[in-house]
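First comes the structure, then the notes that go with it.
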Amino acid sequence: MVLRRLTVLAALLLLHAVAPSAVAELREDWASGQQAFAAGDFESALLYFELARDAGQDGVAVYYNIAVCQFKLTRFDDARTTFGYIAANFPKMRGLAEYNLGLIERRLGNTAEARQHFITAWDLSAGDETLQSLAAAMLNELEPPERAEWYGAVGLRLGYDDNVALRDSLGLPAGTTAESPMADLFLSGGVNPPGLGELWFDGSLYAITYPDADDFDQSEFRLGGLYAWRPGDWRLETSAHFVYGTLGGTGFEREIALGARAVRYIGNDGALDLLYRYDDIDEDDPLFAGIAGSRQRFDLRYRWYRDDHTVILRLGAENNDRLDPGVSPSRTRFQADYRYQPSDGWGFEAGLGFRASDYDDLEVPRTEDLTTISAALTRVIADAWLFALQYQYSENDSNDPVFSYDRSLVTLGVLRTF
């Protein structure tokens, strides 16, 4: 969890460079480190403080300053080791070291570990009202250990789609329309039972209906679990889900979806996200026998966020191995999204995407290039309700004219998060 509000003030108060008591013993490296620290050059400051330590300054101040620089540089494993050394070797500083260890674990999202460090800091800080109050404040912000963590969301959209079939209208069977009003519903939720670490159980339900083209009505039910752990600056996840889908009111597919994910936080305003997913797919009705097979997806995402602004860049690849080569493409995709969304009030979103698909196993290979642009006006109310008016335009170019089309979709929706 990102340090904020009182935590930021606490960090500013406690995570500062500490001068040694004997000014006469300051070495040149120490002075250079202090100057670099004051200038915000924590990389250089860390180098000078380490040189001072290696030159013989082995008091608590030099170790504390090294730990602070490591924290500022988001080298949390190193900072954890150094603060741990302080706690073990300088008894008078153990309370402050434990508090800072709590800040590190809190920054990494390790709630149970952070809580224990803050409790220890509070116990050791008798007589130090400032440190004791800060430790108490952190404990009050953390979830009680016996309480299950959970999340939920529900969304509803109404709109109009002028090409439900995603085909050129001339290629549709007689009497089939490609235009229709639409409505979709999304429900999701997850729970992290107490005592199970970072093991989450989650599920979702999605359904979309087209009153004028009900052959294209779809639904999907997903149920499974996810386990996460945090080595250093990384968050790692593994997941397994069962997925069931329908098309036109008929059972369409069953999937076993296995996933792996690695997220690395970069500074305080960036994150790198690597995802892999393997889907084992079976048809639920003989009518759709050709979809059986497997699908693999790889995604690389970079997210930059500051204040109310977010930029997300995605690069992905997909490989299908299905019975029917007509639904077994290999794909690459790129997506760029920008979001301006204050915690309460009006916002704006825009996106640009490109996807290239190759159906090389067809008797006559087919290629498709899909370009999508979107824009949305949003409004958040009470930090929980999101309303969005969105327009999306897509154009698909193919060497087979039947699969060349354009599409416009307009929706008005609301999302409630819990």
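The values are calculated or read from the model by the stated rules, or taken from the named source; none is laboratory data. Values in this document were obtained by computation on a predicted structure and should not be read as measured data. Neighbour counts are summed over all protein chains in view; Cβ atoms, including those assigned to glycine, are modelled from backbone coordinates with ideal geometry. The protein model used for the area step is the full one, side chains on, heavy atoms only, and it has no ligands, DNA or RNA in it. Shrake-Rupley method; radii C 1.70, N 1.55, O 1.52, S 1.80 Å.
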*Within the stretch 65-75, identify whether any single residue is touching a Pro at 6+ places or on another chain (Cβ under 8 Å) and in contact (Cβ under 8 Å) with a residue 40 or more places away in the chain, and answer yes or no.*
no
*Output yes when any residue across the stretch 42-64 is touching a Ser or Thr at 6+ places or on another chain (Cβ under 6 Å), more than 21 Å from Tyr99 (Cα to Cα) and modelled with pLDDT of 80 or more, and no when none is.*
yes
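Yes/no matrix, rows are residues, columns are (1) open to solvent by less than 50 Å² (accessible area, probe 1.4 Å); (2) modelled with pLDDT of 90 or more; (3) among the charged types (D, E, K, R):
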position: Gly189; (1), (2), (3): yes, yes, no
position: Pro193; (1), (2), (3): yes, no, no
position: Glu198; (1), (2), (3): yes, no, yes
position: Asp202; (1), (2), (3): yes, yes, yes
position: Leu205; (1), (2), (3): no, yes, no
*(1) of a type outside the set (Lys, Arg); (2) surrounded by 15 or more Cβ atoms within 10 Å (Cβ to Cβ); (3) in contact (Cβ under 8 Å) with a residue 60 or more places away in the chain; (4) more than 30 Å from Leu415 (Cα to Cα): which one isn't true of Gly95, the others all being true?*
(3)
*Mind listing just one residue for me: the one in the stretch 257-301 that is of a type in the set (Val, Ile, Thr) and part of a strand (DSSP E or B) and, of those, surrounded by the most Cβ atoms within 10 Å (Cβ to Cβ)?*
Ile281
*asked:* So Trp346 ticks every box in (1) within 19 Å of the chain's Cα centre (by Cα); (2) within 20 Å of Leu389 (Cβ to Cβ) but one. Which box is left unticked?
replied: (1)
*asked:* Testing Asp308 on (1) closer than 26 Å to Phe252 by Cβ; (2) among the acidic types (Asp, Glu); (3) modelled with pLDDT under 95, one condition comes back false. Which one is that?
replied: (1)
*Would you mind finding the one in Val410, Val311 that is of a type in the set (A, V, I, L, M) and in contact (Cβ under 8 Å) with a residue 40 or more places away in the chain?*
Val410
_Cross-chain or 6+ apart pairs with Cβ under 8 Å, the stretch 237-265 first and acidic (Asp, Glu), then not in a strand (DSSP E or B)_ = Glu253/Asp284; Glu253/Phe288; Glu253/Ile291
*When the stretch 393-406 is examined, which residues are found to be open to solvent by 50 Å² or more (accessible area, probe 1.4 Å) and touching a Ser or Thr at 6+ places or on another chain (Cβ under 6 Å)?*
Tyr393, Glu395, Asp397, Asn399
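Please count how many residues of the stretch 220-256 are open to solvent by less than 40 Å² (accessible area, probe 1.4 Å) and assigned to a strand (DSSP E or B).
Selection size over the stretch 220-256: 14.
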*Name the single residue, out of those in the stretch 309-353 being assigned to a strand (DSSP E or B) and touching a helix residue (DSSP H, G or I) at 6+ places or on another chain (Cβ under 8 Å), that is least open to solvent (accessible area, probe 1.4 Å).*
Asn320
*Kindly provide the set of residues from the stretch 364-392 that are over 22 Å from Leu158 (Cβ atoms), surrounded by 13 or more Cβ atoms within 10 Å (Cβ to Cβ) and not β-branched (Val, Ile, Thr), ordered by number.*
Arg366, Glu368, Asp369, Leu370
